[in-house]
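Beneath this line is the structure, given in structure tokens, with notes to follow.
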Amino acid sequence: MSESNGVLAGRTILITGAGSGIGKATCLLAAEQGAYVVAADIKAQDETLAEIQAAGGSGEAHELDVTDGAAWERVVESVLASRGRVDGLANVAGIVSASDALTTQNDAGWDRITGVDLKGPYLGMRTVISHMLEAGGGKIVNVASTAGLIGMPNVVAYSASKGGVIAMSRQVAIEYAAQNIRVNVVAPGVTQTPMLGDITEELLAQVSAATPAGILGKPEDVGSAIVFFLSPGSDFVTGQVLAVDGGWTAQ
Ligand SMILES: NC(=O)c1ccc[n+]([C@@H]2O[C@H](COP(=O)([O-])OP(=O)(O)OC[C@H]3O[C@@H](n4cnc5c(N)ncnc54)[C@H](O)[C@@H]3O)[C@@H](O)[C@H]2O)c1
């Protein structure tokens, strides 16, 4: 692994949610493909950075609350100072709630979830896009969910956020397509990360049995789709949504 080899060789890629699950897997896969990884999470992710470096990769770790526009500015300015550019952004950070049905959700919970899951990617795109335009292009990947594509129980604020991320990504994609900016979405199905929290083994077995592929996703399954959208192999792809869900939404 080095910055001179791989489909992301020498590219500076900012990844949120870097401390856990899909974000962490994406950091490691991107570094393996030669990216200089800016690993950002609500608490600075020195552990993820240490794993990247132990595997021969390079990057830096930042504390970034994705709901805080000033924090986005600080992190991006710092990356521009050290690297001169941001070639790619993966908005991976996200949260769920156990009481997110229309009748159990409340205003504070709605604001908290939409703040991270919808406003977060908006602020991230808004912060990097002027620099990408100046640099002559860039790649953005937003992580939504199958809950943004089809109806699911108990996820009202989450579904609204993820559906909003898909619509917003298409809008930004066509707005800046002629300026060599690419914006795509990865929509994971149920993926084995800490986000699953206390979901019982029994329920997870039911989910995998109801999935055409008969398995649950791994963080790397989603991370490799994100890496594709960050790489030159996707230069003619924009405004698209790739469900990484074992066929769940193909049924
Ligand atoms: N795991 C799944 O089954 C699944 C399914 C569909 C979509 N997703 C989406 O994938 C993405 C990653 O989820 P995951 O499963 O890896 O979850 P995870 O809980 O393992 O990781 C989420 C990360 O986001 C970070 N984060 C939370 N709030 C933040 C904030 N305000 N600012 C910065 N970072 C913040 C957390 O600290 C954590 O490191 C999320 O957007 C999630 O909605 C996950």
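For His62, the conditions (1) within 19 Å of Met195 (Cα to Cα); (2) within 16 Å of the ligand (Cβ to nearest atom) are fulfilled apart from (1). Scanning region 161-183 for residues that are surrounded by 15 or more Cβ atoms within 10 Å (Cβ to Cβ) and under 27 Å from Trp110 (Cβ atoms) returns Ser161, Lys162, Gly163, Gly164, Val165, Ile166, Met168, Ser169, Arg170, Val172, Ala173, Val183. Screening region 205-224 for residues that are of a type in the set (Gly, Ala, Ser) and touching a residue at least 60 places away in the same chain (Cβ under 8 Å) and picking the one that is least open to solvent (accessible area, probe 1.4 Å) gives Gly223. Ile199 meets all of the listed conditions (1) outside any helix (DSSP H, G or I); (2) surrounded by fewer than 18 Cβ atoms within 10 Å (Cβ to Cβ); (3) at pLDDT 95 or above; (4) within 12 Å of the ligand (Cβ to nearest atom) but one, namely (3). Residues considered: Ser169, Ser161. Of these, the only one that is under 24 Å from Asp235 (Cα atoms) and at pLDDT 95 or above is Ser169.
If you go through region 98-125 and keep only what is open to solvent by less than 40 Å² (accessible area, probe 1.4 Å) and within 11 Å of the ligand (Cβ to nearest atom), you end up with Ile113, Gly115, Val116, Asp117, Gly120, Pro121, Leu123, Gly124. The residue of region 126-152 that is farthest from the ligand (Cβ to nearest atom), among those that are surrounded by fewer than 24 Cβ atoms within 10 Å (Cβ to Cβ) and of a type in the set (S, T, N, Q), is Ser130. Against the list (1) near the ligand (Cβ under 9 Å from one of its atoms); (2) part of a helix (DSSP H, G or I); (3) out of contact with any Ser or Thr (no Cβ under 8 Å at 6 or more places or on another chain), the condition Val186 fails is (2).
The values are calculated or read from the model by the stated rules, or taken from the named source; none is laboratory data. Predicted model, so just to flag it, every value in this text is computed and none were measured. Note: ideal-geometry Cβ built from the backbone for every residue, glycine included; neighbour counts use all protein chains shown. Protein only, heavy atoms only, side chains kept; ligands, DNA and RNA dropped before computing areas. Shrake-Rupley method; radii C 1.70, N 1.55, O 1.52, S 1.80 Å.
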